[in-house]
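The next block holds one structure in the form of structure tokens; read it before the comments.
The values are calculated or read from the model by the stated rules, or taken from the named source; none is laboratory data. This structure is a prediction, so every number in the text was calculated from the model and none was measured. Cβ coordinates were reconstructed from backbone atoms using ideal geometry, including for glycine residues, and neighbour counts include every protein chain displayed. Surface accessibility is based on the protein's heavy atoms, side chains included, excluding ligands, DNA and RNA. Shrake-Rupley method; radii C 1.70, N 1.55, O 1.52, S 1.80 Å.
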Amino acid sequence: MDSDPRAVRVRIEADGLHLTRCRDAEGVYYVLRGADAADAADAVNMADAVDTVSDAAAGATALPLAEALHARIRPVGSAEAVLRGWARGAPPPYVAFEDPAAREPVRVRAGAIVIRDGRILLIHFTDEAYYEIPGGGVEAGESPRAAAVRELREESGLAGAVVAEVARIWKAGRREHYFTLDAEGALGPPETLDTYGGVPVWVPVADLPRTPVWPRRLAWRIAHWHRTGWPVRPAELADSVEDLTAPCDW
């Protein structure tokens, strides 16, 4: 994850995490009040986010933890550190200014979220005892949406159609786009699938928070969204989690 030597002061009071409320073409997002709003906006190519200091002050707000967990908070790397500590009962007074969205990704990945009858399709890698959401690299000239459909077909044999983009995740230099898809048909014969040794399986959505699924910060959110409603705008998350067996609710 890309780091900046600047420290971001974290202000959490009785009313919640203090943030600056901003807007881009996709709607409302928030910037940590301790970060420079203009720098955070530049890091995600949103130069129109905050025009003046007075505008930033006018957008001052606070979110309780339950809302902050599902808000678009930038810089995304700093937000990950804040939410991790806060959810564990130890909110940090400062975090590093970290925004992996500031750099060109080393790879762009697209993932397909397919749910049927309360079960989600995952690729199970039995040798390493973990699961991942079907998906793979976006090819030259291909959109992430098209890649999600193609990867689903290659890894499961299912023919899918994109419903919505629900998350963007920055992990290990990659930018990953995750889409919900409607899909028809049955899983293809294992010998016809391109899963790099994994096996497509259906897992109860309710089990996701306790299942070693990568990316970890997305897994529990899928279970939450399936129960309460999908986000109107794609979630924005940095994910530095390596231990997929450890609890994660942030």
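Could you grab me the full set of residues in segment 87-117 that are part of a strand (DSSP E or B), of a type outside the set (Val, Ile, Thr) and in contact with a strand residue (DSSP E or B) (Cβ under 6 Å, 6 or more places away or on another chain)? Show your work before the answer.
Let us first name the residues in segment 87-117 that are part of a strand (DSSP E or B), namely 94-98, 107-113, 115-116.
Okay, now just the ones that are also of a type outside the set (Val, Ile, Thr), so 94, 96-98, 107, 109-112, 116.
Those that are part of a strand (DSSP E or B), of a type outside the set (Val, Ile, Thr) and in contact with a strand residue (DSSP E or B) (Cβ under 6 Å, 6 or more places away or on another chain): 94, 96, 97, 98, 107, 109, 110, 111, 112.
Across segment 57-81, which residue is farthest from residue 222 (Cα to Cα) among those that are open to solvent by 10 Å² or more (accessible area, probe 1.4 Å) and assigned to a loop (DSSP other than H, G, I, E, B)?
The residue in question is 59.
Output the residues belonging to segment 15-56 that are modelled with pLDDT under 50, closer than 17 Å to residue 234 by Cβ and open to solvent by 80 Å² or more (accessible area, probe 1.4 Å).
The one that is modelled with pLDDT under 50, closer than 17 Å to residue 234 by Cβ and open to solvent by 80 Å² or more (accessible area, probe 1.4 Å): 45.
Residue check, residue 84 against (1) surrounded by fewer than 21 Cβ atoms within 10 Å (Cβ to Cβ); (2) touching a residue at least 60 places away in the same chain (Cβ under 8 Å); (3) not in a helix (DSSP H, G or I), all met but one. Which one?
Failed condition: (3).
Can you name the residue in segment 93-112 that is open to solvent by 40 Å² or more (accessible area, probe 1.4 Å) and farther than 30 Å from residue 13 by Cβ and, of all such residues, is modelled with the lowest pLDDT?
103
If residue 187 meets every condition in (1) in contact with a Pro (Cβ under 9 Å, 6 or more places away or on another chain); (2) within 30 Å of residue 100 (Cα to Cα); (3) open to solvent by 50 Å² or more (accessible area, probe 1.4 Å); (4) not charged (D, E, K, R) apart from one, which number is that one?
(2)
Give me the residue from segment 225-238 that is without any contact (Cβ under 8 Å) to a residue 24 or more places away in the chain and part of a helix (DSSP H, G or I) and, out of that set, farthest from residue 70 (Cα to Cα).
The first filter runs over segment 225-238 and keeps only residues without any contact (Cβ under 8 Å) to a residue 24 or more places away in the chain, leaving 227-229.
Filter once more, so that each one left must be part of a helix (DSSP H, G or I): 227-228.
On the way: 227: 14, 228: 12 Å.
So, considering only residues that are without any contact (Cβ under 8 Å) to a residue 24 or more places away in the chain and part of a helix (DSSP H, G or I), the one farthest from residue 70 (Cα to Cα) is 227.
With segment 118-166 as the region, which strands (runs of 3 or more DSSP E) entirely inside it contain at least 2 residues that are within 21 Å of the chain's Cα centre (by Cα) and of a type outside the set (Ser, Thr, Tyr)? Step through it out loud before you land on a result.
On the way: elements: 119-125, 130-132, 135-137.
It comes to 119-125, 135-137.
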